[in-house]
């Protein structure tokens, strides 16, 4: 059953966690790609660990609804034509976009449109207004700037920490104000943004 979403241009403010966590050593390589759901491999037009403003995909859990079979040209169009980001309460595959939210058209595709919501690109079925696919994450400049400008105690991990690395449960995530989808950590003295739902790193400086 589809879920009706509530939309708001203003995101919820999260309380900031105490900016400290235990210094420890874990194996980075053991957790890479451990995120469940979605599909591995970058969607066309999306990059692994790309710059701010790019759409980040290419690791397990980054792509949602890949089995729908949305045309690569539709995904590429959504990536190449950014729109005003919003927050949708309860955004997930199958959820219905409210009637008062603009769904942006895709040139040459009469079946699907798209929105930028909850720090993701979402492909939307125009007839049902349901979210059918998310090819990847969005990384706001404001969230990255906050992580860089507010350093916390760094966790030490062994191996390469890359986009897609799943932060261990023992490492405390620090909230990014006015962003309910991301927190941040410092790993090996590098700031990183983390998806709250999966604990996967979506950007690391």
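The values are calculated or read from the model by the stated rules, or taken from the named source; none is laboratory data. Not measured: the values here are computed from a predicted model. For neighbour counting, all protein chains shown are included, and Cβ atoms are generated from backbone atoms with ideal geometry for every residue, glycine included.
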*Considering only residues that are touching a residue at least 60 places away in the same chain (Cβ under 8 Å) and surrounded by fewer than 15 Cβ atoms within 10 Å (Cβ to Cβ), look in the stretch 90-117 and name the one that is farthest from residue 197 (Cα to Cα).*
100
*Specify the residue that is farthest from residue 179 (Cα to Cα); the eligible residues are those in the stretch 118-131 that are part of a loop (DSSP other than H, G, I, E, B) and free of Cβ contacts under 8 Å to residues at least 24 places away in the same chain.*
127
*Those residues that are over 19 Å from residue 89 (Cβ atoms) and in contact with a strand residue (DSSP E or B) (Cβ under 7 Å, 6 or more places away or on another chain), I need them from the stretch 127-138; list them, please.*
133, 135, 136
*Evaluate the following for residue 172: is it part of a loop (DSSP other than H, G, I, E, B) and in contact with a helix residue (DSSP H, G or I) (Cβ under 9 Å, 6 or more places away or on another chain)?*
no
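Please tell me if residue 193 is modelled with pLDDT of 90 or more, under 14 Å from the mean Cα position of the chain (by Cα) and part of a strand (DSSP E or B). Talk me through it step by step, then tell me what you get.
Values: modelled with pLDDT of 90 or more: yes; under 14 Å from the mean Cα position of the chain (by Cα): yes; part of a strand (DSSP E or B): yes.
So residue 193 passes the test.
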*Could you tell me whether the stretch 85-103 includes any residue that is part of a helix (DSSP H, G or I) and at pLDDT 90 or above?*
no
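Could you list all residues from the stretch 182-191 that are touching a strand residue (DSSP E or B) at 6+ places or on another chain (Cβ under 8 Å) and surrounded by fewer than 24 Cβ atoms within 10 Å (Cβ to Cβ)?
First, the residues of the stretch 182-191 that are touching a strand residue (DSSP E or B) at 6+ places or on another chain (Cβ under 8 Å): 182-188, 190-191.
Scanning the stretch 182-191 gives 183, 186, 187, 188, 190, 191.
Identify, from the list 87, 146, the residue that is free of Cβ contacts under 8 Å to residues at least 40 places away in the same chain, under 18 Å from the mean Cα position of the chain (by Cα) and under 21 Å from residue 195 (Cβ atoms). First the steps, then the outcome.
Values: 87 fails: free of Cβ contacts under 8 Å to residues at least 40 places away in the same chain.
Result: 146 is the single residue among 87, 146 that is free of Cβ contacts under 8 Å to residues at least 40 places away in the same chain, under 18 Å from the mean Cα position of the chain (by Cα) and under 21 Å from residue 195 (Cβ atoms).
Rundown of residues vs (1) in contact with a strand residue (DSSP E or B) (Cβ under 7 Å, 6 or more places away or on another chain); (2) buried (at least 16 other Cβ atoms within 10 Å of the Cβ), yes/no style:
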site: 119; (1), (2): yes, yes
site: 125; (1), (2): yes, yes
site: 140; (1), (2): no, yes
site: 144; (1), (2): yes, yes
site: 152; (1), (2): yes, yes
site: 165; (1), (2): yes, yes
site: 178; (1), (2): no, no
